[in-house]
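Structure, as structure tokens:
Here, each number is a calculation from the coordinates, and none is a lab measurement. Treat the numbers as computed from the prediction; the structure is a model and nothing was measured. Here the Cβ positions follow ideal geometry from the backbone for every residue, glycine too, while neighbour counts run over all protein chains shown.
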Amino acid sequence: MTILADPDDRALLLDRDRSFFDALVAADLSCLDDLLADDFVMVAIDNGATVTRADLLGLMSSGTVRFPAVQSFPDEAVVRRIGDVGIVVGRTGMNFTGADGAVFTAGSRYTHVFVSDSVAGWRLVSAQGTEIKPGS
């Protein structure tokens, strides 16, 4: 059984994926509010902590966490669709400033899980990143 997304779904999911990264860089809380599902959970790449939607929006609105740059590689992404669920497995190069002021730079592999919402379109419900160590 093939579950790779068809070209239209692939384009839509990659667009939503890119919107997430762009909103992080721009600290666009309105876009994040629209994009993130109410029960969104992210696993932080730097320490494995779980971050809820409210946590992320709060950290972004206060400026405690900033994402100066996120580069993604959509041509490498594996995009699947299973019913109303879209899954994007991709790669990023990113840097961000954490709550303690430390700057973190990393390459990562990530999995983003989207759910189709008849009103809002594809909404991000889960994000998990794994750091790619140099030489890996």
Original post:
In a GNM of the chain with a 10 Å cut-off on Cα contacts, which of Phe20, Phe73, Phe114 has the highest mean-square fluctuation?
Top reply: Phe73
Subject >> GNM flexibility winner over the chain from Val103, Val113, Val41 (Cα, springs under 10 Å) >> reply: Val103
Original post:
Cβ under 14 Å from Val89's Cβ, Val89 left aside: what net charge do those residues give with Lys, Arg +1 and Asp, Glu -1?
Top reply: +2
**OP:** Only Lys, Arg, Asp and Glu count, each charged at its Cβ (+1, +1, -1, -1), so figure out the dipole size of the chain about its Cα centre, rounded to 20 debye.
**Re:** 380
Original post:
Top mean-square fluctuation among Asp22, Asp34, Asp100, Gaussian network model of the chain, C-alpha springs under 10 Å?
Top reply: Asp100
Original post:
At what distance in nm do the modelled label points of Thr52 and Ile82 sit from each other, each positioned 7 Å from its Cα along Cα→Cβ?
Top reply: 2.6
Original post:
Using only Cα atoms, what Kirkwood radius does segment 31-87 have, in angstroms?
Top reply: 13.6
